[in-house]
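Notes to accompany the following structure.
The values are calculated or read from the model by the stated rules, or taken from the named source; none is laboratory data. Computed from a predicted model, the values in this text were never measured in an experiment. Virtual Cβ from ideal backbone geometry, glycine too; neighbours counted across all protein chains shown. Ligands, DNA and RNA are excluded from the accessible area calculation, which covers all protein heavy atoms including side chains. Shrake-Rupley method; radii C 1.70, N 1.55, O 1.52, S 1.80 Å.
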Amino acid sequence: MARALRWWDLVGLGLGGMVGAGVFVTTGRAARLYAGPGLVVSYAIAGLCALLSAFCYTEFAVDMPVAGGAFSYLRVTFGEFAAFLTGANLIMEYVFSNAAVARSFTAYLGTAVGVDAPSKWRIPVPGLPEGFNQVDLVAVGVILLLSVCICYSTKESSVVNLVLTGVHVAFILFIIVMGFVHGDARNLSRPADPVHNPGGFFPHGAAGVFNGAAAVYLSYIGYDAVSTMAEEVERPDRDIPAGVSGSVVLVTALYCLMAASMSMLLPYDAIDPEAPFSGAFKGRDGMAWVSNVIGAGASLGILTSLMVAMLGQARYLCVIGRSGVVPAWLARVDRRTATPVNASAFLGLLTAALALFTELDVLLNLVSIGTLFVFYMVANAVVYRRYVGDPCPAGTGTAHETRAWPTLAFIGAFSLIALSFTLLWQFAPGGAAKAVMLSATAAAAVAVVAAFQALVPQAREPEVWGVPGMPWVPAASVFLNVFLLGSLDRPSYARFGFFSAAVVLVYVLYSVHASYDAEEGGAAADGGAGAGDKLQDHGCEV
């Protein structure tokens, strides 16, 4: 694919991918149910977790500037099966979230023009289950239009995204200013109904803040799509670190200011979970126009986040197709547009079909659990690759295995400690005993990382850019991702388990036999015949 993107394109794509429907949907729900005004801290925690994961992504993206993102990184680190499981979860995350987010575009567009969109623009279908019984043709039209745009050109898509993102950030700043000008600082500590709801900046304590962080993490989904554009970046060593990390930092600052603005406008227990920002101005004398403006801004944000997400999901599928674990037809790149047209069209049609029926909130937690799982895997992969190195050439595998076992032991032990801390936090009864157990578990986590750093030397040093503070930064990313995973509900894990089982079944019945790795191994056994019928991960032409 053509190298046409610079660091400001990546910052714009990162901003466009993150500042979308997530913040307009999850903010109200997280403030009302979990964190209260402390949602500002929740956004900061989620932003820190996203930044740590972004560092891990960046090391891989600079070292391997290909389009596959996490799939490519895990394939060269943990092998094809781990990569396929992760890649399938990424595709699932993008498709379902894009379908749901596209439907929210209808609602916000209706707010912008003063129309009750759910009742006027959606067609009810009797007999279908709740959450799937409202046909949304507007959402389908938006997805198909954006699919055509991203099939045409990546550079032009980036320019369109930069323009829309610039306008959208202006709307975000407008919301922040209106909140601080018309808000009341007393709302940061007092509820509307003090008889039934606790007060204070942290009405539900530390647990509410972390639960809120898990709920709003959906708002940060999108920066990982920037790493999938690495094959189209002009100077990966300079542009990718600035693009990925810079976009996460800017978005975190905007989100914290938006949360503070909203908390000042209304007491947390009076916030509308469905439309927190536009709802804050409804009913105020002479302020109805603000709701219309916010609806227009949210609509633009949804367009930008959809465009970036659809750019990213097509490139994930393209690289998965290169390996042969899915049909190689999906990996074809159009010679005229230099874009993965087949993958873009296929995923666009699939997303549109889901958007036709699926409501916004049906799969939000499933999207979060898939994202946190992928980020957890990437953080472990960067540790493994730094301390074990690349797979050894034939005949020298013993040294590679000797380095692998201490690293795998560290990854397993640290993950178990993080899981233990999370379970204690969630289920242990409160009191001094819980505090002692949590402190001991945290101390054990620090000791394990320190011992690993002192006893196990690194097998490779990044040539251009690497994660700072190795192994502390990726270890912190692992810990936070596991902790936030523990804040999600049980149905999310049931759906995640069902989907993962289906992915394993597909891999066993089809992918393991059809993949490039399988054919390469068979060709080696046959004396080299047949290798090359599948696409390798460094090209996209059949």
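Brief remarks follow.
- The accessible-area ordering, largest first, of the residues Lys434, Lys120 stands as Lys120, Lys434, per a 1.4 angstrom probe.
- Residue ranking by accessible heavy-atom surface, 1.4 Å probe, largest first, among Cys56, Cys149 comes out as Cys149, Cys56.
- For the range 84-101, 3J(HN,Hα) computed residue by residue from phi via the Karplus equation (6.51, -1.76, 1.60; θ = phi - 60°) reads 5, 4, 5, x, 5, 5, 5, 4, 4, 4, 5, 5, 5, 5, 5, 4, 5, 5 Hz, glycine and proline entered as x.
- Each residue of the range 443-449 is assigned a 3J(HN,Hα), and the resulting list reads 5, 5, 4, 4, 5, 5, 5 Hz, derived from the Karplus form 6.51 cos²θ - 1.76 cosθ + 1.60 (θ = phi - 60°), x at Gly and Pro.
- Cα-projected label distance for Val506 with Leu416, points at 7 Å along beta-carbon direction, nm: 3.3 nm
- Accessible-area rank, largest first, for Tyr152, Tyr43, Tyr507: Tyr152, Tyr507, Tyr43, with all protein chains present and a 1.4 angstrom probe.
- Sequence-separation-based contact order of the range 296-391, relative, with Cα cut under 8 Å and 6+ spacing, percent: 17 percent
- Per-selection Rg to Rh, the range 78-215 - Cα, Kirkwood hydrodynamic radius: 1.06
- FRET E, pair Leu145, Ile123, Förster distance 22 Å, beta-carbon r, rounded to 0.05: 0.65
- For Arg235, solvent-accessible area (1.4 Å; no DNA, RNA or ligand), Å²: 110 Å²
- Distant-in-sequence amide H partners of Val135 (H built 1.01 Å from N, under 5 Å): Ile123, Val125
- Across the range 171-185, rounded Karplus estimates of 3J(HN,Hα) from the backbone phi angles (6.51 cos²θ - 1.76 cosθ + 1.60, θ = phi - 60°) give 5, 4, 4, 4, 4, 4, 5, 4, x, 6, 6, 9, x, 10, 4 Hz, Gly and Pro being marked x.
- Each label was represented as a point 7 Å from its Cα along the Cα-to-Cβ direction; for Val464 and Trp289 these points are 5.0 nm apart.
- Magnitude of the charge dipole, the range 47-145, Cβ model with Lys/Arg +1 and Asp/Glu -1, debye to 20: 260 debye
- Taking all protein chains as shown and a probe of 1.4 angstrom, Phe373 keeps an accessible surface of around 40 Å².
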